[in-house]
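What follows is one structure encoded as structure tokens, with my remarks underneath.
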Amino acid sequence: MKITGYSTTLYEFPVSRRTGDANSPSGRIRGSGSLLELYTDEGLTGIAFGGAGAAPQIRSMVEGILMGEDPRQVTGLWKRMVDRAFKGGHDGIVNDAISVLDVAMWDLKSKFNDEPLWKTLGGSNPKVQAYASGLDYPLSDQEIEDWYGTMAADHGFKGGKLKVGLDQDADLRRIARMKKGLEHATDLPNLYIDANEFWNPKQAIRKVREIEEQFDIAWVEEPARRWDFLGLRRISDSIKAPVCAGENLDTLGDFLPYFHNRSADVVQVSHGMTGITCALQLADAAYGFELPITLGGSPGNLNAQLAPCMPNFLTLESQGPVPDDGVMTSDIKIVDGWAVCGKKPGTGVSYDPEALAKQKVESVTASSGSSPFGRRPGAGLWDNPPTKEESAAAATGVNGTFYVPPHGSRNQ
């Protein structure tokens, strides 16, 4: 089997609910995606979602390395792509290109094997534990309880992750509402919180200790900046809950300070970290340090395919039981709070051609990105609750005006 060509397609879609975190409390009302198709002379096509801003790098890698190669040799081809990016490093946009191409080649390899990816990777059980991740900062208290209640009652989720960081009193209220919703499935739900790097270590210690007076927190995610491995270790040593971190790192080299300094109690891994090939390396490295790993959010819950071959796997982030972009399809189902990989060959994640044709765009709008406002002014420096304008925008749901806060604004 030889790679003969590729294509990329951008698309946009309305989200089912406003989504946001401490850096974007008003939320976003549109999302965007990018589809990569990797063609072969066997008639098989490798599918992967991602790399929206990496089109030139994808083209360079395909034309300079992958064209005419056998995608079943994915690990060796991954190494050649990483070596090509050696001088500048393979973080950032280059990482996005390598990641999406690596996923497409693993999709092709498992399709050629006529088996789902979890089998090609050596897994023995397609059923993995998952938790509900709401991306819920714009939601009202009642909407939070309703959303997690639905995830628990209809899909069996026994754990949930809440976005926190801007308003301590509100966070305490909202954790209680998430807990109440999840109690539709269990009396002892796992309560995860995620500050998205908004706090500095001292803020994190003070705030999490107060939260722990009322709740048993299963982990606190990204309580400080991603590169502050000493600060993360300080937080871990000062609170009861485990520190979960690594979501925004890209490479094994990025993670080495975490491992050597015991900065994270739970290590975040994803196929977006230079592909499935690197995700497997990261999981193995964490295993060597007796550290559990969690697999982050992924298109169509694709990361569930990786979990069965990882002995230190803890739980999978699921941002919903089914894709809500109208384009993506997935053979990975949520059953009683578990992600169950299907029997379809490949990653199990594909697309609806008609829906893609309707939602295709030449370029995506800035407001449809995953973090449209970037880092919030005051992050790590001062408390900065949502402004009245941001709260009003969040309250309009998905059909109201999309509010963009002025750069450098500060809530007095």
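The values are calculated or read from the model by the stated rules, or taken from the named source; none is laboratory data. Just so you know, these numbers come straight off a predicted model, no measurement behind them. No Cβ is skipped: glycine too gets one built from the backbone with ideal geometry, and neighbour counts run over all protein chains shown.
Of note:
- Across segment 247-300, the number of residues qualifying as of a type in the set (A, V, I, L, M, F, W, C), assigned to a helix (DSSP H, G or I) and buried (at least 21 other Cβ atoms within 10 Å of the Cβ) comes to 7.
- Residues located in segment 12-27, provided they are surrounded by fewer than 24 Cβ atoms within 10 Å (Cβ to Cβ) and either assigned to a strand (DSSP E or B) or among the aromatic types (Phe, Trp, Tyr) (or both): GLU12, PHE13, PRO14, VAL15, SER16, ARG17, THR19
- Top-ranked residue in segment 323-341 [being closer than 12 Å to VAL128 by Cα and surrounded by fewer than 17 Cβ atoms within 10 Å (Cβ to Cβ); ranked as nearest to the chain's Cα centre (by Cα)]: LYS333
- Tabulated pairs, segment 366-389, first free of Cβ contacts under 8 Å to residues at least 40 places away in the same chain and exposed (fewer than 15 other Cβ atoms within 10 Å of the Cβ), second in a loop (DSSP other than H, G, I, E, B) and polar (S, T, N, Q), C-beta under 9 angstrom, 6+ apart or interchain: LYS388/ASN411
- ALA170 in a helix (DSSP H, G or I) and either buried (at least 24 other Cβ atoms within 10 Å of the Cβ) or among the polar types (S, T, N, Q) (or both): no
Residues checked against (1) within 20 Å of LEU282 (Cβ to Cβ); (2) surrounded by fewer than 20 Cβ atoms within 10 Å (Cβ to Cβ); (3) in contact with a Leu (Cβ under 6 Å, 6 or more places away or on another chain); (4) not assigned by TED's automatic domain parsing to the domain that holds MET310:
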{"site": "ILE98", "(1), (2), (3), (4)": "yes, no, no, yes"}
{"site": "LEU139", "(1), (2), (3), (4)": "no, no, no, no"}
{"site": "TYR148", "(1), (2), (3), (4)": "no, no, yes, no"}
{"site": "ALA152", "(1), (2), (3), (4)": "no, no, yes, no"}
{"site": "GLY156", "(1), (2), (3), (4)": "no, yes, no, no"}
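- Among residues of segment 41-95, those that are in contact (Cβ under 8 Å) with a residue 40 or more places away in the chain, outside any loop (DSSP other than H, G, I, E, B) and more than 20 Å from GLY5 (Cβ to Cβ), counted: 6
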